[in-house]
Amino acid sequence: MSDLGSDFEEEAEPDLGEYDGERNEAGERHGQGKARLPNGETYDGMYESGRRHGQGTYRFKNGARYIGEYYQNRKHGVGTFMYPDGSKYEGDWVDDQRQGQGVYTYTNGDAYSGDWFGHQRHGQGLYTYADTGSKYIGTWVNGKQDGAGELVHHNHRYLGKFSNNTILGPGKYVFDIGCEQHGSYVQVEQEKEEEEEEEPLAVPVTRWNPEKISSLTLWSPTAVVQPPAPVVGEPIGSDTAPVDTTADPRDQNVETTEAPAQEQSSEPVTAEAEPASELPDSAGGEEREPDEDAAG
């Protein structure tokens with residue numbers, strides 16, 4: 001979902017709202033204070049030279065709430081953001097973005113715990129699906145499953161490679177009864193019905209090609225490559241934050257609730273992984289991506 005704005009149109013002399021708290025010699029908000037902004041949003045916490053700086057709580061008019069650290073008016077450090085739809089993020093922030101280690105709990109009960117970069121799941125992480133209990137453990141790139149990973153279901157698991165939220169390449173199914181099926185997922189073309197000629201006639205899908213069944217063996221991806229930096233604006237490092245030396249500090253008192261648009265999709269995160277039908281009892285375990293970061 002796009003950012004829910006809390007900006008207001010400033011007049012010739014900006015209305016900074018009501019403030020009750022400490023000030024410095026220059027009359028700026030400095031130290032502990034409470035502010036009520038013209039748009040109805042409130043902030044209760046630390047200030048430095050007119051800007052939110054330190055620990056504080058910001059309440060948005062749409063019901064969202066941030067409790068955590070600020071650096072020069074930006075969420076920076078450790079904090080918890082509670083979104084209007086009931087989802088919640090707890091973890092690291094850099095320059096107003098989810099970055100570092102964090103846990104996101106979604107409205108449907110799903111949860112992701114792991115690395116973040118530029119507001120997206122990026123690096124190593126664990127995603128738990130509430131409806132099935134299945135888990136994906138592995139690499140994420142720009143918010144998608146990409147690289148070496150493992151799908152864990154109630155009586156079997158799949159180890160292999162993923163690409164753009166799709167299982168692709170060599171891998172194996174490991175069953176609790178003590179056997180494995182080796183094979184690979186290959187991309188195939190699925191023909192569409194003739195009456196849908198206005199759309200592409202072929203859709204890329206993957207298909208499991210079984211090769212052999214064996215006892216339990218060790219398996220690891222042939223090459224594990226660190227995920228590249230996501231295609232987003234380059235945020236600052238965790239030990240620094242930008243300071244706008246030209247802006248009037250009095251104009252820096254309004255927060256926004258942010259929730260990246262790419263996390264609204266209710267499409268499945270990855271293809272359902274199922275072994276060949278001739279294997280012993282197994283369950284594929286449907287994987288589903290929730291509406292993520294929807295700020296409501």
| query | Which entries in Lys34/Lys88; Lys88/Lys172; Lys161/Lys212; Lys34/Lys75; Lys88/Lys135; Lys34/Lys61 show an alpha-carbon gap greater than 27 Å? | reply | Lys88/Lys172
| Pairwise centroid distance, computed over Cα atoms, of segment 125-141 with segment 97-113, Å | 11 Å
| request: Note down the net charge around His53, summing +1 for each Lys or Arg and -1 for each Asp or Glu among other residues with Cβ under 12 Å from its Cβ. | output: +2
| What share of all Cα pairs of segment 20-92, in percent, falls into each consecutive 10 Å distance bin? | 22, 49, 25, 4, 0
| message | Given axes a ≥ b ≥ c from the Cα gyration tensor, I'd like to know whether segment 86-163 is rounded (a/c under 1.5), prolate (a/b larger than b/c) or oblate. | response | oblate
| field | Sequence of Glu41, Glu189, Glu48 from largest to smallest accessible area, 1.4 Å probe | value | Glu189, Glu48, Glu41
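The values are calculated or read from the model by the stated rules, or taken from the named source; none is laboratory data. Computed from a prediction, not measured in an experiment: that's the story for all the values here. A quick note on method: Cβ atoms are made from the backbone with ideal geometry, for glycine too, and the neighbour counts reach across all protein chains shown. Ligands, DNA and RNA are stripped out before the accessible areas are found, and what is left, the full protein with its side chains, is counted by its heavy atoms. Shrake-Rupley method; radii C 1.70, N 1.55, O 1.52, S 1.80 Å.
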